[in-house]
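Worksheet: one structure, shown below.
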Amino acid sequence: MANLFQQQKTKQLSKSDKSSIGSWDRKISGLCDLINKKKNYYTTSSCAGRVVLLKASDVKQPDAFLYRTHDKISFNELKKALKETGEKYKEMVEFQQTSCILHVACANLEDAQEIVNKAKESGWKRSGIMGGKRNMVELHSTESMSFPIMDKGEVLVDDNFLRLIVSEANNKLKRVWKKIERLKNTL
């Protein structure tokens, strides 16, 4: 069984990154490296948190991202992104600030429970063991917000609200990044 896990780990870690950005987010790469160096774990996907403008839809869409950053944003950056989005896309647009998320394959259920416990101790409140063929865990924090921000090429809120959005999104991202560091230090 241990040999099968190591084979799966080697295969997973040798794959090219299939994410739309093509690499780990800077803010979570150290944590992923640390986990992947451990004998009984390997990462399968991750995100350090981000701010996006995307096509609003109930179903997954190709090219859904109209704007994306894994860094804090400024009011001027958001205004520029909204202007550029409104010029090219005339449907409903959603603003999202998303939290960190990490999927980790574990050698056994005991290892899975151990990393879930450490994640929860580090503030990743929505973390648990997933069912399936592998012992997988999803480590997820709670800082996020999502709402419609544009429709028919027009911004739906005023500049005061945009300033509030920027402040709140940046504060939530800072909290997320501290949790990533806490988990890294705990492991």
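The values are calculated or read from the model by the stated rules, or taken from the named source; none is laboratory data. In this text, all values refer to a predicted model and were calculated from it rather than measured experimentally. Here the Cβ positions follow ideal geometry from the backbone for every residue, glycine too, while neighbour counts run over all protein chains shown. Keep in mind that these areas ignore ligands, DNA and RNA; they rest on the heavy atoms of the full protein, side chains included. Shrake-Rupley method; radii C 1.70, N 1.55, O 1.52, S 1.80 Å.
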Computed magnitude of the charge dipole of region 1-159 (debye, nearest 20; Cβ of K, R +1, Cβ of D, E -1): 700 debye
Keeping all protein chains in place, calculate the accessible area per residue for region 60-104 (probe 1.4 angstrom), answer in Å². 55 Å²
Option label - Rg and Dmax of the Cα atoms in Å computed here, alternatives (1) 16.0, 44; (2) 18.3, 58; (3) 15.5, 49: (2)
How far, in degrees from 0 to 90, does helix 75-88 lean away from the longest principal axis of the Cα atoms of the chain, to the nearest 10? 80 degrees
Set K120/K172; K15/K79; K60/K133 screened for pairs whose C-alpha atoms are more than 27 Å apart: K15/K79
Nearest-10 value in Å² for the accessible area of D71, using the 1.4 Å probe: 60 Å²
With all protein chains present and a 1.4 Å probe, how do S74, S127 order by accessible area, largest first? S74, S127
Can you grab the distance from the C-alpha centre of region 130-171 to the C-alpha centre of region 103-129, Å, no decimals? 24 Å
Given only helices, namely DSSP H runs of n ≥ 4 each adding -39500 (n - 2.57), what is the per-residue ellipticity at 222 nm of the chain, to the nearest 500 deg cm²/dmol? -14000 deg cm²/dmol
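Please compute the alpha carbon radius of gyration of region 95-187, then divide it by the globular-protein estimate 2.2 N^0.38 Å. Two decimals is fine.
Output field value: 1.38.
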Sort T43, T142 by accessible area with a 1.4 Å probe, largest first. T142, T43
Point-charge dipole on Cβ atoms (K/R +1, D/E -1) for region 98-187, about Cα centre, debye to 20: 300 debye
Taking each pair of different alpha-carbon atoms in region 25-99 once, compute 1/r for the pair, average those values, and report the inverse of that mean as the Kirkwood hydrodynamic radius in Å to one decimal. 14.4 Å
GNM top mover of S16, S45, S29 - the chain, alpha-carbon springs below 10 Å: S16
Hits among aspartates and glutamates - C-alpha to C-alpha of K38 under 15 Å, sequence gap 8 or more where chains match: E110, D111, E114
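Would you please calculate the Kirkwood hydrodynamic radius of region 67-146 over all C-alpha pairs and express it in Å, rounded to one decimal?
With all distinct Cα pairs of region 67-146 included, I get 15.2 Å.
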